[in-house]
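Chemist: Dropping the structure in here first, questions after.
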Amino acid sequence: MDNNQCMTKWSAAWALIGGIVVCTGCMNGQSITHSEETFPHEPGCKAKGEVTEKPWAELHQILDDERG
Ligand SMILES: [Zn+2]
């Protein structure tokens, strides 16, 4: 997957709203100060287990790959 595809996939699973990353499956959020913690999904979230446990870290990785 190239970076555009990674970013498309990331933005399908997550939304950035007011500085909080939000799961599009359960609408729970996580601030950047908790970026090293596992994302707190709702128990019944369908995306849980399908998406990365650390969305901030994944976003960082995508940016890092692009910028070198
Ligand atoms: Zn979720």
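The values are calculated or read from the model by the stated rules, or taken from the named source; none is laboratory data. Quick caveat: nothing in here was measured; it's all calculated off a predicted structure. Reconstructed Cβ throughout: ideal geometry from the backbone, glycine too, with neighbour counts over all protein chains shown. Just the protein is used for accessible areas: all its heavy atoms, side chains included, with ligands, DNA and RNA removed. Shrake-Rupley method; radii C 1.70, N 1.55, O 1.52, S 1.80 Å.
Chemist: Placing unit charges on C-beta atoms (Lys and Arg positive, Asp and Glu negative, everything else neutral), compute the dipole magnitude of the chain about its Cα centre in debye, rounded to 20.
Modeler: Approximately 220 debye in magnitude.
Chemist: Got a sec to turn the phi values of segment 37-48 into Karplus ³J(HN,Hα) couplings, 6.51 cos²θ - 1.76 cosθ + 1.60 with θ = phi - 60°, whole Hz, x for Gly and Pro?
Modeler: Per residue, the Karplus-derived 3J(HN,Hα) values read 9, 5, 5, x, 5, 5, x, x, 5, 6, 6, 4 Hz.
Chemist: Which of these, GLU58, GLU36, GLU50, has the largest mean-square fluctuation under a Gaussian network model of the chain (Cα springs below 10 Å)?
Modeler: Sorting by GNM fluctuation, first place goes to GLU50.
Chemist: Next question, about the same structure. Normalise the Debye intensity by I(0) for the chain, one equal point scatterer per Cα, no solvent, then take log10 at q = 0.16, 0.18, 0.29 Å⁻¹ and round to two decimals.
Modeler: Each listed q maps to, in turn, -0.50, -0.64, -1.42.
Chemist: May I pose another question? Counting alpha carbon pairs within less than 8 Å and at least 6 residues apart, what relative contact order, in whole percent, applies to the chain?
Modeler: That works out to 28 percent.
Chemist: Given H placed 1.01 Å from N in the peptide plane, which residues other than close sequence neighbours of TRP14 have an amide H under 5 Å from its amide H?
Modeler: The answer is THR24.
Chemist: Could you check the simple spin-label distance between THR52 and THR24, using points 7 Å along Cα→Cβ, in nm with one decimal?
Modeler: So the two model labels end up 1.6 nm from each other.
Chemist: Identify unpaired cysteines across the chain, taking unpaired to mean no other cysteine Cβ lies under 4.7 Å from the residue's Cβ.
Modeler: CYS6, CYS23, each lacking another Cys Cβ under 4.7 Å.
Chemist: Could you run the Karplus curve 6.51 cos²θ - 1.76 cosθ + 1.60 with θ = phi - 60° over segment 54-68 and give me ³J(HN,Hα) per residue in whole Hz, x for Gly and Pro?
Modeler: For segment 54-68, the Karplus-derived couplings read 10, x, 5, 5, 5, 4, 4, 4, 4, 5, 4, 4, 6, 8, x Hz, x marking Gly and Pro.
Chemist: Now for a different question. At ALA15 and HIS34, where each label point lies 7 Å from the Cα along Cα→Cβ, what is the point-to-point distance in nanometres?
Modeler: My value for the distance between the label points is 1.8 nm.
Chemist: Further question: With every protein chain left in place, what is the accessible area per residue of the chain in square angstrom, probe 1.4 Å?
Modeler: It amounts to 69 Å² per residue over the chain.
Chemist: Counting each DSSP H run of 4 or more residues in the chain as -39500 (n - 2.57), what helix-only mean residue ellipticity at 222 nm follows after dividing by all residues, to the nearest 500 deg cm²/dmol?
Modeler: -11000 deg cm²/dmol
Chemist: With a cap of 15 neighbouring Cβ atoms within 10 Å, and only residues DSSP puts in a loop, list the trypsin sites (Lys or Arg not before Pro) found in segment 18-68.
Modeler: Taking segment 18-68 and a limit of 15 other Cβ atoms within 10 Å, the loop trypsin sites (Lys or Arg not before Pro) found are LYS46.
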